[in-house]
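Before I ask anything, let me first share the structure, which is written out below as structure tokens.
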Amino acid sequence: RNKQYTGVDPGRIDSYTLQPYTSAQSEVSALLSGNSLDYGYLPLTDLQVAGRLKSEGYTLAPWPLFGFAQLPMNLTNPKVGPIFQQLYVRQAMQHLIDQNTLVKAAFHGYAVPTYGPVPSAVPNPFVDAYEKHNPYPYSPSAARQLLTSHGWNVPSSGAATCAKPGTGSGECGKGIGQGAKLSFNFLYASGVPAIAQEAAALQTDFARAGVQLNLSSAPIDTLFSTEVACNQKTGENCKWQMIDTGQGWVYSAPQFAPTGESLFLTGAGSNSYSYSDPKADALIEATLTQNGLTAIQEYENYMAAQLPTLWLPWQVNQVSVISSKLHGALPQDPYQQMYPQYWWLSK
């Protein structure tokens, strides 16, 4: 604590220590051992000890963030990019994501469905009714209908194949050849049980409409270095197809408002999918220059419908475990910041 500070809220604790642990299990053991931690977290895999922690005087507080979860697709992958670029394919795949079941099964209720780029986990004035109601509810039959009506042969098992190549009505679309398969390499974060369960569930549900996901896992840092925009001139970063980091996107400094210029504007720094749409660009620009909520709601509704990325359930940042002796730690900041200057301890 800076004892020379004379402004408001000068702080009531002298210091605090961030304690590292070799595993989530060792952190949970420290919480269960008694008074060694004033503020910790409970992994979703250890929810069975929640009652014991409460009996020890801890408060359990889910910490939602102002963000959303997504499943990026490499729209410029030389092999499957032309397939991903077809809106009807993205629509079919979104119809195959059973978000409500994933919330319950993979995240034990500590998540909310995502239907667009404006967060809904934290109350805010930006999110619109259209985005809230789910434009693409879970429906394998709707997904199959979209694919068969665009020239795909969808078998009872295995990957669907393009039977009618071309760009006309009822055909597969530009750049998709005869016999092309709806078979995609799906890379997900290792060491996170909820994400492994999510990936397995997606593989099962996608298969109901002939979309084959070839699962593999890797450490999160590998995923972050892989999910980079494809350089079509050099071929660099072009091989990845679909990646589930389990991290999503949190609106934070310097972009606190959910306006999209960092993610979906053509050529944006975090536009790893290489998404490009002149109408989307114009709508994003409008959110930066026009007053009121109309511009941002037009933008979010368009993106919810156009699916520049696939939407996944947005899990809480963590389930915080807070000692009854620690005061001022609640409410938790939706921008993922901590403010120990407001904390104080009772005996």
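Would you mind finding the one in 252, 274 that is outside any helix (DSSP H, G or I), at pLDDT below 95, open to solvent by less than 40 Å² (accessible area, probe 1.4 Å) and of a type in the set (Ser, Thr, Tyr)?
Going through 252, 274 in turn, just one is outside any helix (DSSP H, G or I), at pLDDT below 95, open to solvent by less than 40 Å² (accessible area, probe 1.4 Å) and of a type in the set (Ser, Thr, Tyr): 252.
Looking at the range 41-48, is at least one residue of a type in the set (Phe, Trp, Tyr) and over 30 Å from the mean Cα position of the chain (by Cα)?
no
Scan (1) more than 25 Å from residue 103 (Cβ to Cβ); (2) open to solvent by 10 Å² or more (accessible area, probe 1.4 Å); (3) modelled with pLDDT of 95 or more for the single condition residue 314 breaks and write down its number.
(1)
Out of 223, 265, 215, report the one residue that is in contact with a strand residue (DSSP E or B) (Cβ under 8 Å, 6 or more places away or on another chain) and either assigned to a loop (DSSP other than H, G, I, E, B) or surrounded by fewer than 17 Cβ atoms within 10 Å (Cβ to Cβ) (or both).
Unique residue meeting the criteria: 215.
Under 7 Å between Cβ atoms, at least 6 apart or on separate chains: pull out the pairs that start in the range 1-19 with a residue that is more than 25 Å from residue 36 (Cα to Cα) and end on any residue that is open to solvent by 90 Å² or more (accessible area, probe 1.4 Å) and of a type in the set (Ser, Thr, Tyr).
9/342
While we're here: Only one of (1) without any contact (Cβ under 8 Å) to a residue 24 or more places away in the chain; (2) buried (at least 18 other Cβ atoms within 10 Å of the Cβ); (3) within 20 Å of residue 315 (Cβ to Cβ) is not met by residue 186, so which one is it?
(1)
When the residues of the range 144-174 are filtered to those that are within 29 Å of the chain's Cα centre (by Cα) and of a type in the set (Gly, Ala, Ser), which remaining residue is most open to solvent (accessible area, probe 1.4 Å)?
The residue in question is 157.
Please determine, by comparing only the residues of the range 21-78 that are more than 24 Å from residue 245 (Cα to Cα) and among the charged types (D, E, K, R), which one is least open to solvent (accessible area, probe 1.4 Å).
The qualifying residue least open to solvent (accessible area, probe 1.4 Å) is 38.
Let me ask another. Restricting the range 236-249 to residues that are in a loop (DSSP other than H, G, I, E, B) and open to solvent by 40 Å² or more (accessible area, probe 1.4 Å), which is nearest to residue 315 (Cα to Cα)?
Taking the candidates together, the pick is 247.
The values are calculated or read from the model by the stated rules, or taken from the named source; none is laboratory data. None of these values were measured; they are calculated from a predicted model. Glycine gets a Cβ as well: all are built from the backbone with ideal geometry, and neighbour counts include every protein chain shown. With ligands, DNA and RNA removed, areas are computed over all heavy atoms of the protein, side chains included. Shrake-Rupley method; radii C 1.70, N 1.55, O 1.52, S 1.80 Å.
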